[in-house]
Amino acid sequence: MKHSMMDSLRRAVQRAGSFFRKQPLDRELEAEMAAHLEMAVDENVKRGLSQKEARRQALIRFGGVVQAKERQREERGVPWLDVLLQDVRYTVRTLRRDRVFTVVAVLILALGIGANIAVFSVVNTILLRPLPFYDPQQLVWIARPDAHGLSDMTYSADAYDDLLAQNRSYVDVTAYYAFSTSDNLKLTGNGDPTPVTGMGVVGNFFHVLGVEPELGRSFTADESRKGGRAVVLLSHPFWQRQFGGDRAIVGKVINLSGTPTTVIGVLPETFDFGAAFSPGTKVDVYVPTLLDDIRDEGNTLALIGRLKPGVSVAQAQTEAKSLFPKFYWSKKYPDSIGNYRARPVVLKDYVSGKLRRSLIMLWGAVGLILLIVCVNLSNLLLARAAARSKEFALRSALGAGRWRLIRQLLTESLVLSLTGAALGLGLAYALTSYLAHQGSLALPLLSSVRVDGTALAWTLLITIGAAVLFGLLPGLRMSGTDLQETLKDGGQGMSDGRKHEGMRNVLVISEVALACVLLIGAGLLLRSFMRVLDVDLGFQPATAAAIKVDYDDGRKTEKRNAIFEEVIRRVSAIPGVEAAGISDNLPLERNRGWGGPSLKGKKYRDGEVPDAFVYVVSPGYVKAMGMRLRGRDFTWQDDMKGESTVILNERAANFVASGGDALGKMVMIGKSEARVIGVVADVHETNVEGAAGEQMYLPTMRDEWGPEGSELVVRTKLPPAQLAGSVLRTLRELNPNQPAVEFRPIQGIVDRAVSPRRFFVLMVGTFAALGLILASLGIYGVISYSVTRRTQEIGIRMALGATPGRVQMGVISKTLVLAAIGISVGAIVSMVMANLIASMLFGTTPTDPITFFAMTCLLGGVALLAGYIPARRASRINPMVALRNN
Amino acid sequence: MGESKLDLLQGTLDLMVLQTLAAMGEMHGYGIARRIEQVSGDEVLLNQGTIYASLVRLQQRGWISAEWGTSENNRKAKFYSITKRGRKQMAEDAAYWARLSEVMGRVLAMGDKGGDR
């Protein structure tokens, strides 16, 4: 019969509706059919049949009542849904009966699935999701390919101007001032001055990224020029925190570091500068960087370009190759041309490219966990299957088809895994929101980690995948068992049990092997991490802390000297302070590089003198940082009245002295000369894991080197936190304008630098521990089951004279065989896998024998323990009791 | 046993039900079943019970409506009647069946002369 779409739709709705009104509809049908039969009987009686014959005839004409009802039900409802519901109801009933099994299975699944959702959310946020900017795949990061340090990856204002004027690849190019530091501004006018972190950006920054302010507007061209009005954009969190989310803030004037500044807008919550460009830091406000102000500062701008439509990154790279060598460091110096190179890369690759391998490894590790969970569940289900084989044989004898039984078992797996997933989702939500608030964890985009729609889809996928994976094998096994055999089988299902046991042994072995791979991987990473922690940083981070000092020297060196000397004298007098000193930059934080020192009087080829990192420091800094010094530290007398002096690190000293001793030598730094008075051990200035560059330490007391900031480093006998109050009080006494900036432990700076590695080690380590527990659970389950099944046999053997010790040994050796096979397989697989993570290791070879040995021993030990418990039980079997049972 | 009864083709029962209701007005399930049996001269193989699947199908499509009422001999029964949309559908389906049976008749009739060509 043909009919319209509308009719079909109406019918579908009605069918779905009748699914929920099953009982009233059934009652109605029943009544209707009863009436039908009565009427038929009446008619037949009228025709002269006896009551009994009339009913018989009526029933014949009607056909099967039950079948007719069934057909009507099928016609009006959703039959497959009914069957599914039946299966689910049956499943819930059986699972309720087996409470311990259900709880254990759901918990295991919740852990496995929860960990997978959490890791997927992290991977999705950092690696898969596009950057939170407009059309982000058109954005490129423009820097040297092998940049070492901030000065090396940034460009001068003149170079930026030339790039804007001469390029053909970009719609627009923008930049931010890479030397902005935390708490570099202070907000006054409302009680104590508040420290504020300001980021300098070129006027078109937000336009190029495609970020629209939530309130107000972005910078205008006038405001980005010298002499323009002082303006500021607020970040969303700062606006909330400092101004209570006051929408009337736009247009108001606030006092930023002594300058009345107009608030022109608030950026949206989704924009997090630190998350993308400087992981682990936060920015409070954005101020326009005036190019004319920084023209003499050298390399300060980090460049970001937006490609024209149709221009590929490769084309931009080709252009950069020929374009950048034409730029000037400063047009004031015509010979400063030719020092630049650049290789634009997709911005996303710059932001998260370095983490790709680590994240994929993490993803793999957590996938292994899910696999172990599945194997474990398979194993548990098989154990249950053995116990339930009678039930299934019975059902099959009553006419349930093989597929119906498999479907029933898969429904069970699905119910288990969906329940586990629901719990796991809760776990993942908690974990991701915890991670998103780890401000000190230097992973990009981490603050926006959350379980989003994609993660939910992934959850559903792995949940169903896992259910099929762990449910199918026991399902096929069980539905395939021989009906006759099982029903006949008297005792505990001997033949069937043995078949199951072989399968379960294989499962346990693979579980042990998987856990072994995880453990060895985690072990290698852990060992690498310990090696990283052991790295000689060139300074002692423990029991030292830094605080940013606010001062006003009116740009006079002498006045600054007096202030610094007084600050250091007063702070050193605080009880518990061992040493104090000031530097403009701290290692592992902001750094800057100049042309490095060269031996006075020696001729060098062009480009032979390497750049060096520059630290302008006061007397006492070297000691306060715990650096190892040969020669002498600066004194306050190393000022303009005396000879110019410098302290080099070993690497710079080696270059200057070409293998001899640099101490006492005169070196040239740019056009100035200075005497080397000390040599310090190499300090890790950019990262913990790489090598140190050349470094020079210049005294704050000289006019030639202007310090760019002032970090007071204090070395203490007490825990640094205890001194925070008295140090700040002392600074306030000297300068009431000193904002309440953080007293930051130096150890914290180091921790932040190694935090990504710590994060990955912690995650993989946790997964490995989980794998270990699951594997031991699997071993325990199998051994325990085999002991239970063989109670009678053991009883006979003991009655025939086997000692408890022998019985125990027998069980333990079975355990050891399983574990040994698993560990061997796992170790071999690990050898291959370890090579894949070789680039993530530090000071550890992928085949590190100690790690392999320790981890296999650990796994073997735990396996032994898991087998020992049932072995003990076996040895305590009372032969009499065992034989009487059954 | 003489000629065996006709098996109902898919959909024909629905049309018979519609036609019966169109011709007879409001009827209960038993009445419809009896009527079809009578009209077809007992040539149709119909288990009376199967009519209920057809009735619920037609009702869900909105072609017939149902209401509880009392039969002539005072039994509570569900009475069905054809709707406006049901009449329209019936007309379409009846025309379709007429054309189909005519074509089938023609096709089957040519079988006798087929050998000459």
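See the values below:
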| item | result |
| --- | --- |
| Matching residues, the stretch A:633-657, being more than 45 Å from the chain's Cα centre (by Cα) and either over 17 Å from A:ILE582 (Cα atoms) or assigned to a loop (DSSP other than H, G, I, E, B) (or both) | A:THR635, A:TRP636, A:GLN637, A:ASP638, A:ASP639, A:MET640, A:LYS641, A:GLY642, A:GLU643, A:SER644, A:ALA657 |
| Qualifying strands (runs of 3 or more DSSP E) (wholly inside the stretch A:139-219; at least 1 residues being touching a Pro at 6+ places or on another chain (Cβ under 6 Å) and hydrophobic (A, V, I, L, M, F, W, C)) | A:139-142 |
| Subset of the stretch A:126-138 that is crowded, with 19+ Cβ neighbours inside 10 Å and in contact with a Pro (Cβ under 9 Å, 6 or more places away or on another chain) - its residue that is modelled with the highest pLDDT | A:GLN138 |
| Selection within the stretch A:676-732 - part of a strand (DSSP E or B) and closer than 24 Å to A:ALA657 by Cβ | A:VAL676, A:ILE677, A:GLY678, A:VAL679, A:VAL680, A:GLN695, A:MET696, A:TYR697, A:LEU698, A:PRO699 |
| Positions within the stretch A:228-248 being surrounded by 13 or more Cβ atoms within 10 Å (Cβ to Cβ), in contact (Cβ under 8 Å) with a residue 24 or more places away in the chain and in a helix (DSSP H, G or I), in sequence order | A:HIS236, A:PRO237, A:PHE238, A:TRP239, A:GLN242 |
| Options A:GLU694, A:GLU685, A:GLU708: the member that is in contact (Cβ under 8 Å) with a residue 24 or more places away in the chain and surrounded by fewer than 23 Cβ atoms within 10 Å (Cβ to Cβ) | A:GLU708 |
| Residues (modelled with pLDDT of 95 or more and touching a Gly at 6+ places or on another chain (Cβ under 7 Å)) located in the stretch A:580-612 | A:ALA580, A:GLY581 |
| The one condition in (1) hydrophobic (A, V, I, L, M, F, W, C); (2) farther than 19 Å from A:LEU507 by Cα; (3) within 19 Å of the chain's Cα centre (by Cα) that A:ILE746 fails to fulfil | (3) |
| Whichever residue in the stretch B:70-96 is in contact (Cβ under 8 Å) with a residue 40 or more places away in the chain and small (Gly, Ala, Ser) and, among such residues, is farthest from the other protein chains (Cβ to nearest Cβ) | B:SER81 |
| Residue in the stretch B:38-53 that is farthest from A:ASP26 (Cα to Cα), counting only those that are within 8 Å of another protein chain (Cβ to nearest Cβ) and in a helix (DSSP H, G or I) | B:GLN48 |
| Selection count where residues are among the aromatic types (Phe, Trp, Tyr) and surrounded by fewer than 16 Cβ atoms within 10 Å (Cβ to Cβ), scope the stretch A:560-618 | 1 |
| Selection within the stretch A:277-334 - at positive phi and in contact (Cβ under 8 Å) with a residue 12 or more places away in the chain | A:GLY280, A:GLY298 |
| Test for A:LEU109: is it under 30 Å from A:LEU377 (Cα atoms), more than 10 Å from chain B (Cβ to nearest Cβ) and in contact (Cβ under 8 Å) with a residue 12 or more places away in the chain | yes |
| Number of positions in the stretch A:340-362 that are out of contact with any strand residue (DSSP E or B) (no Cβ under 7 Å at 6 or more places or on another chain), surrounded by 17 or more Cβ atoms within 10 Å (Cβ to Cβ) and over 11 Å from A:ILE142 (Cα atoms) | 8 |
| Unique match (being in contact with a Pro (Cβ under 9 Å, 6 or more places away or on another chain) and part of a loop (DSSP other than H, G, I, E, B)) among A:ALA442, A:ALA400 | A:ALA442 |
| Residue pairs meeting the criteria (Cβ under 7 Å; at least 6 apart or on separate chains; first part of a helix (DSSP H, G or I), in the stretch A:761-787; second among the charged types (D, E, K, R)) | A:LEU774/A:GLU511; A:ALA775/A:GLU511; A:GLY778/A:GLU511; A:VAL782/A:ARG504; A:ILE783/A:LYS814; A:SER786/A:GLU501; A:VAL787/A:ARG873 |
| Near pairs, Cβ below 6 angstrom, 6+ apart or cross-chain, from the stretch A:63-77 (more than 7 Å from chain B (Cβ to nearest Cβ)) to any residue that is of a type in the set (S, T, N, Q) and in a helix (DSSP H, G or I) | A:GLY77/A:SER18 |
| Count of the stretch A:8-58 residues which are within 55 Å of the chain's Cα centre (by Cα) and over 17 Å from B:GLN59 (Cα atoms) | 2 |
| Residues satisfying the stated conditions in the stretch A:10-30, i.e. more than 13 Å from A:ARG73 (Cα to Cα) and more than 7 Å from chain B (Cβ to nearest Cβ) | A:ALA12, A:VAL13 |
| The stretch B:54-69: number of residues that are under 14 Å from B:GLN89 (Cβ atoms) and more than 10 Å from every other protein chain (Cβ to nearest Cβ) | 2 |
| Search result, residues across the stretch A:147-161 that are more than 14 Å from A:ASN339 (Cα to Cα) and either of a type outside the set (A, V, I, L, M, F, W, C) or assigned by TED's automatic domain parsing to the domain that holds A:ALA612 (or both) | A:HIS148, A:GLY149, A:ASP161 |
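The values are calculated or read from the model by the stated rules, or taken from the named source; none is laboratory data. Note that this is a predicted model, so its numbers are computed, not measured. In this analysis, Cβ positions are derived from the backbone assuming ideal geometry, glycine residues included, and neighbour counts consider all displayed protein chains.
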